[in-house]
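The values are calculated or read from the model by the stated rules, or taken from the named source; none is laboratory data. What you see is a predicted model, and the numbers here were worked out from it, not measured in a lab. No Cβ is skipped: glycine too gets one built from the backbone with ideal geometry, and neighbour counts run over all protein chains shown. With ligands, DNA and RNA removed, areas are computed over all heavy atoms of the protein, side chains included. Shrake-Rupley method; radii C 1.70, N 1.55, O 1.52, S 1.80 Å.
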Amino acid sequence: MKTRLISLLAFTLAACGSEQDGAKGQNEYISGPLPTAAAVQAHAAVDVGTREVPAVVRETIVGRRLAADGAVDPAERTDAFTPGEQIHLAVKVAPQTAAQGELRVTWYGPDDDLLAEDAKPVPGSEQFVSFSSGDTARWNPGSYRAEVWLENEKLAEQRFALASGEDLSDNKRGSGI
């Protein structure tokens, strides 16, 4: 079965690379064995490795309060909030080149509605950059996400939920807390 599949794939690739009207097709078939999965991964790693990435997100954390260094206070880390609470997102950023550009955070609701957006400059050294959701009193219970962007590249995503006060107390009651 595997041999038949490889033969069919080779035939299909050869057909795609055939000349039409005297001009070569876009998908030229190179004779020889097909590349292994490891070879394809190595090639992809080389392509990504040579691309200059201005910043890397090491960590994203959501919570109710920020610490002095811009990180989320460890005692206030959570991914469950109630409407009206302000949600803080701490993004640990490691610049890879000279600090340039802006980190942008977009906050999305349960129906993928854009709710808020904020931007801050990329720091010159590895540190937390913090963002806040703003007023969530009108946000409905459901699943939310915050996306971290640098220019047109999404670097990270953090998911969290809003629940009514009754939902949170039901969860506590059911979990034995």
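Label-to-label distance, A94 versus A163, with points set 7 angstrom from Cα along the beta-carbon direction: 3.5 nm. Per residue, the accessible area of the range 108-160 comes to 57 Å² when a 1.4 Å probe rolls over the protein heavy atoms.
Computed from the Cβ-Cβ distance with R0 of 22 Å, the FRET efficiency linking S143 to Q86 stands at 0.75. Estimated from the Cβ-Cβ distance and a Förster radius of 30 angstrom, the FRET efficiency linking L115 and D73 is about 0.80.
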